[in-house]
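Data block below; observations after.
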Amino acid sequence: MKKRILDVTCGARTIWFNKHHPAAIYCDNRCESYQHLWKNSDDCTLDIDPDVLCDFTALPFPDDSFSLVVFDPPHLTGAKETSWLVKKYGKLDESWPQMIHDGFRECMRVLKPDGVLIFKWSEYDIPSEKVWKAIGEKPLFGHHSGKRSQTFWGCFMKLEGDEDQ
């Protein structure tokens, strides 16, 4: 099966129902494994094992390569490096607006015309409005979810040559 889907920040692939979907390439900037990460589970393992080890701000793929791109970047800024949240999701530094901006542009670059970008963001430390400002646009549509409605799912589309965007 041709690889038509790109997850640029796969982590442990927790959002995926099929964590090894044959049409997807899974990327992350880290390859790590943690044992006993949660105190209440002795046999728990967290594996971050991407197909391609890379930075989402400099993707190693040609322009217009994928029909669907999934972008679920780190969202934490204030958590300690040793916390299980940082080990599971990663962490942003003070340059996060530029990093998210550059990552979004890279996602759009590798997206085919009329391709779709699914953007997932947790407002744990940073409100989504600040993220939209950093990347320079808002999603076409989206949805808040989670126990406190702090997770935002947004949909973007690579619309080229359409004056009515």
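The values are calculated or read from the model by the stated rules, or taken from the named source; none is laboratory data. If you're wondering where the values come from, they're calculated on a predicted model, not measured in any experiment. Every residue, glycine among them, receives a Cβ derived from its backbone with ideal geometry; neighbour counts consider all protein chains shown. Heads up: the accessible areas ignore ligands, DNA and RNA and are worked out on the full protein's heavy atoms, side chains in. Shrake-Rupley method; radii C 1.70, N 1.55, O 1.52, S 1.80 Å.
Counting other Cβ atoms within 10 Å of each Cβ, which chymotrypsin sites (Phe, Trp or Tyr not before Pro) in region 36-114 have at most 16 and sit in a DSSP loop? For chymotrypsin sites (Phe, Trp or Tyr not before Pro) across region 36-114 that sit outside H, G, I, E and B with at most 16 neighbouring Cβ atoms in 10 Å, the list reads W38. Here the extension length gained between K2 and W84 equals 26.0 nm, from 0.36 nm per residue of separation less the Cα-Cα distance.
Per-residue extension of 0.36 nm, minus the Cα-Cα distance of T77 and F17, leaves a gain of 18.8 nm for this segment.
Straight-line cross-link reach from K3 at under 16 Å between alpha-carbon atoms covers these aspartates and glutamates, not counting any fewer than eight positions away in the same chain: D51, D63, D64. Between L140 and D55, residue separation times 0.36 nm minus the direct Cα-Cα distance comes to 28.0 nm.
Each residue, L68 and D114, gets one label point 7 Å from its Cα in the Cβ direction; the gap between the two is 1.7 nm. For the chain, adding -39500 (n - 2.57) for each run of n ≥ 4 DSSP H residues and dividing by the number of residues yields -5000 deg cm²/dmol at 222 nm. Highest average first, the peptides 110-120, 17-27 ordered by how many other beta carbon atoms sit within 10 Å of their residues are 110-120, 17-27.
Each Lys and Arg Cβ is given +1 and each Asp and Glu Cβ -1; about its Cα centre, the chain then shows a dipole of about 480 debye.
For the residue pairs K2/K112; K91/K138; K88/K133; K91/K120, the C-alpha atoms sit more than 20 angstrom apart in K91/K138; K88/K133. Surface analysis of the chain yields an accessible area of 57 Å² per residue, using protein heavy atoms and a 1.4 Å probe.
In sequence order, region 109-118 has phi-based couplings of 5, 7, 7, 5, x, 6, x, 10, 10, 9 Hz under the Karplus curve 6.51 cos²θ - 1.76 cosθ + 1.60, θ = phi - 60°, and Gly or Pro positions carry x.
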